[in-house]
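Quick note: the coordinates plus some simple rules give every number you see, no bench work behind them. Everything numeric here is computed off the predicted structure, so don't read it as measured data. No Cβ is skipped: glycine too gets one built from the backbone with ideal geometry, and neighbour counts run over all protein chains shown.
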Amino acid sequence: MRLKLKSQDRAAIRQLPEKELQAQLKETEDKLFKLKFANSMAPLKNGHEITHLRKHRARLLTWIREKSLQGAERA
C-alpha cells in the first residue's frame, strides 16, 4: 500500500470534484486509523506508510479548502 504520488497523479486528484475529494479523505482517514492501530499492536514493516498517509490527508484537506474558497468567491 504505497502512497507516494507522482505530480501527474496529484494534478489529476486535485481536479476531482469536492465530493470525490471528501470520499478520498474519508478513505485515507480510515486507512490511517487502521495503520496506527496495527502499529500500536506490533511495529509495521514500513512505518513510513503512516507518514505518507498523513501528508496525503493534509493535501486532500488543502485541496478541499481551496475548492470551498473558490465556490465562495463565485457566489
*Please identify the trypsin sites (Lys or Arg not before Pro) of region 1-68 that satisfy two criteria: DSSP loop assignment and at most 11 other Cβ atoms within 10 Å. Which are they?*
Arg2, Lys4, Lys6, Lys45
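Taking 0.36 nm per residue of separation and subtracting the Cα-Cα distance, what length does fully extending Arg54 through Asp9 add? Display every interim value, and only then the final one.
Details: separation 45, 0.36 × 45 = 16.20 nm, distance 1.70 nm.
That works out to 14.5 nm of additional length.
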*Whichever aspartates and glutamates have a C-alpha closer than 13 Å to that of Lys55, once near sequence neighbours (fewer than 8 apart) are set aside*: Glu29
_Lys36-Leu69 FRET efficiency (beta carbon distance; Förster radius 30 Å; 0.05 resolution)_ = 0.50
*To the nearest 500 deg cm²/dmol, what mean residue ellipticity at 222 nm is calculated for the chain from DSSP H runs of n ≥ 4 alone, each contributing -39,500 (n - 2.57), summed and divided by the residues?*
-27000 deg cm²/dmol
